Every structure is written in structure tokens, then in C-alpha cells.
Amino acid sequence: MLGKIATSAVVATALLAPFDIPVASALPPAGSCANGDFRWTAADGAIDMTPHVLTFTSVGVLRDCTGGPDGITGGTFTGTHIATSDCMRPADGPITVDVLWSNGETSRLWGPWPVTMQQPTIGTLDVVDGLGQGSKVRITADYEMTPAMVGGCLGPGVRTGVGRLSAATFQ
């Protein structure tokens, strides 16, 4: 359940490091954001024991960014993730994340977001527009699982949760 909920949050975190780095570069990643946090919300229902398609939205903050252009130190992001979800199975589906960087530039990330019950969730998204376009970003997100979420799965469902980003770098 947590992984499914985290899907939208992870999408948001994917926006952490869209710095201008070539996709096939043999060099180590040049841009990263070491910290961040987010909140995800099931916009049109709740995660429960019955599989169904849900739209998740996420909002978050990126911090401790280094190695990017123009002195970027952080940013904010919003994400939308659509996935078939239930409390016992992963929520895989496409995610779109829009990032507003501390220097005023923007990036849009898109790709599959492989949320599973095992944490952390790690995925690679394409930078499809804005700063870093044509690059890829690797995102690591931890979704918080609480006793209330377990109870929600057995009852009315889970509609929201939080998480933190442990890493995000361009590949």
C-alpha cells in the first residue's frame, strides 16, 4: 500500500536533479539533490484491498542541490501518477513531474514509476522539457508507512501519505 501511495510522491521527487547532463555520458553524475520531502494524495479515491485505477498527485520540496547550472540550491515540484493500485500490489504507471528550480527555471520529468512494497523506490525518469531536456534523472524515494495506513487498508482506504527523498542524480 505504501509503495502505491508513494508512487505520486516519487514522481514529485524525480524532479530533483534535472541538470544539463548528456544521457550517454561516461562521466559521473553532475547534478544532485541530497534531501527532499513530499506528500502524495489519491485524488479520486483511496488505496484499499480492491485493485482499481487511481490518480495520485504529489507536492514536494528539493533541498541541498549541488553540481547543477546557475547555482541551483533546491526547488519545488508537483507530480501526477496514474496507476492500478491496491494495498497488496505495486502501483506501476506513468508519472509526470514538474519542477520549479530555485533559479526560476523549470523541468518536466516523465516515465514509468516502479513503486513496490519494498522500499526505497528507485526509478529513472526522462527530462522531457526545460532545464536538462534530453537527460535522465535517477530518483530514490522512501514512502512512510504508518499503523494508520495499515488500518486504512483494512477499512475505508488510504488517501494520503508522506515520504522523503534520499537521492536524486542525473544519469
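The values are calculated or read from the model by the stated rules, or taken from the named source; none is laboratory data. Fair warning: this is a prediction, and the values are worked out from it, not measured in the lab. Using ideal geometry, Cβ is built from the backbone for each residue, glycine included, and neighbour counts are taken over all protein chains shown. Calculation scope for accessible area: heavy atoms of the full protein, side chains included, ligands and nucleic acids excluded. Shrake-Rupley method; radii C 1.70, N 1.55, O 1.52, S 1.80 Å.
Quick notes
- DSSP bridge pairs, the range 33-171: antiparallel proportion in percent, nearest 5: 100
- Computed in the context of the full set of protein chains, the accessible area of the range 27-171 at 1.4 Å probe radius has 58% of its extent on carbon or sulfur.
- Using the 1.4 Å probe convention, the accessible area of the range 34-159 works out to 46 Å² per residue with neighbouring protein chains retained.
- Sequentially through the range 33-43, phi angles give Karplus couplings (6.51, -1.76, 1.60; θ = phi - 60°) of 10, 7, 9, x, 8, 7, 10, 10, 9, 7, 6 Hz, Gly and Pro residues having no value and appearing as x.
- Per-residue HN-Hα couplings for the range 65-82 [Karplus 6.51, -1.76, 1.60; θ = phi - 60°; Hz; x = Gly/Pro]: 8, 9, x, x, x, 6, x, 5, 10, x, x, 10, 8, 10, x, 10, 10, 10
- Between Thr41 and Val150, the simple label model (points 7 Å from Cα in the Cβ direction) yields a spacing of 2.7 nm.
- Spacing of the two label points (7 Å from each Cα toward its C-beta) at Thr50 and Thr66, in nm: 5.0
- Taking the inverse of the mean 1/r over every pair of distinct Cα atoms in the range 47-141 gives a Kirkwood hydrodynamic radius of 14.2 Å.
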